[in-house]
Amino acid sequence: MAQQWIYLNGEFVTKENAKVSVFDHGFLYGDGIFEGIRIYDGNIFKCKEHLDRLYDSAKSIMLDIPLTYEEMQEALVETIRRNGLRDGYIRLVVSRGPGNLGLDPKRCERAWVIIIVEQLAIYSEEAYRNGLVSVSVSQRRNIPDALNPKIKSLNYLNNILVKIQANLAGVGEAIMVNSQGYVAEGSSDNIFIVKRGVVYTPPCYVGALEGITRNAIIELCGKLGLPLKEEPFTLHDVYVADEVFFTGTAAEVIAVREVDGRVIGEGKAGPITTQLLQEFRKIVTVDGVKVY
Ligand code: PMP
């Protein structure tokens, strides 16, 4: 990308001029929401699903997005075109906007909409074949009756604390359990396990974001005739699983070969994980909104 153009409240500005007020409540309090979206060969993958989640998050935190759904989709398309990108990552942020130092959102006149598109650093093909090493961390998932993890809010401190523990352990992604010991998700990925041919993922009420990739994998399991259960499970079930994998917009479907020193299955991406990754990669260029 020669010149990176950022969408800022309806205008396109250069990276250097893309500035947000220090009084913005997204900055001061994490008061806002966001989406991370992939573009594959000019296709905004699962655009509708991402926008649905964005508008649901906005409704939940009573944030008025100053664009209609159609205008927002158009803004995404236009930002991608401006940057001439065919493959990459889109970060869509809606913050409560500038207010005063008090936390009251009533003081914020208008939400700010920011769209950034970028090239994406992704895992190597070797990592997809051999899987990641992961660990569980002591940081617990915040409970759904506090800040509900289904809201994709700008308040990511819970996840960042997990990432810090992952960094300390020298791994790229860690596993977070909830306060009852049920596996919730990674710092920024959903988690699945496979046992005796059955695919399991935690229900969102355990404390997980309703990932778009997660839902795409659930759908694919249906199409491929793979039995899938959304039910709570523990770290024990992860340790003794035949396969474990994370899903996320950036990570896609990435196998885990070791958790807390326990080798998972054959210690590399298992057959179901591999099949799901292959099938997933078939839909990413067709399922969504075409930009070009
Ligand atoms: N959980 C969390 C906490 C996330 O931030 C994300 C997004 N990276 C995911 C799961 C995966 O969601 P998606 O498939 O929509 O990217």
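Quick rundown of the values:
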quantity	calculated
Test: residue in the stretch 181-198 that is touching a His at 6+ places or on another chain (Cβ under 7 Å) and at negative phi	no
Strands (runs of 3 or more DSSP E) contained entirely in the stretch 146-261, each with at least 3 residues that are within 11 Å of the ligand (Cβ to nearest atom) and either surrounded by 18 or more Cβ atoms within 10 Å (Cβ to Cβ) or of a type in the set (A, V, I, L, M) (or both)	243-248
Out of D260, D287, sole residue that is at positive phi and among the acidic types (D, E)	D260
Among residues of the stretch 104-127, those that are of a type outside the set (K, R), surrounded by 12 or more Cβ atoms within 10 Å (Cβ to Cβ) and over 18 Å from the mean Cα position of the chain (by Cα), counted	6
Of all residues making up the stretch 5-43, the number that are of a type in the set (A, V, I, L, M, F, W, C) and without any contact (Cβ under 8 Å) to a residue 24 or more places away in the chain	2
Test: residue in the stretch 30-40 that is aliphatic (A, V, I, L, M), surrounded by fewer than 22 Cβ atoms within 10 Å (Cβ to Cβ) and either part of a strand (DSSP E or B) or at pLDDT 95 or above (or both)	no
Total residues in the stretch 275-292, condition in contact (Cβ under 8 Å) with a residue 40 or more places away in the chain and part of a helix (DSSP H, G or I)	6
Elements of type strands (runs of 3 or more DSSP E) in the stretch 85-143, at least 2 residues being over 30 Å from I175 (Cβ atoms)	112-118
Pairs where the first residue, in the stretch 226-254, is farther than 22 Å from N130 by Cβ and the second is within 16 Å of the ligand (Cβ to nearest atom) and part of a loop (DSSP other than H, G, I, E, B), C-beta under 9 Å, 6+ apart	E230/P202; E230/P203; E231/P202; E231/P203; P232/N178; P232/P202; P232/P203; F233/P202
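Residues are listed down the side, and each one gets a yes or a no for (1) more than 15 Å from E210 (Cβ to Cβ); (2) within 16 Å of the ligand (Cβ to nearest atom); (3) under 16 Å from the mean Cα position of the chain (by Cα):
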| residue | (1), (2), (3) |
| --- | --- |
| E16 | yes, no, no |
| V22 | yes, no, no |
| H25 | yes, no, no |
| Y29 | yes, no, no |
| D41 | yes, no, no |
| F45 | yes, yes, yes |
| Y55 | no, yes, yes |
| K59 | no, no, no |
| P66 | yes, no, no |
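The values are calculated or read from the model by the stated rules, or taken from the named source; none is laboratory data. If you're wondering where the values come from, they're calculated on a predicted model, not measured in any experiment. Note that we place each Cβ from the backbone using ideal geometry, even for glycine, and neighbour counts take in every protein chain shown.
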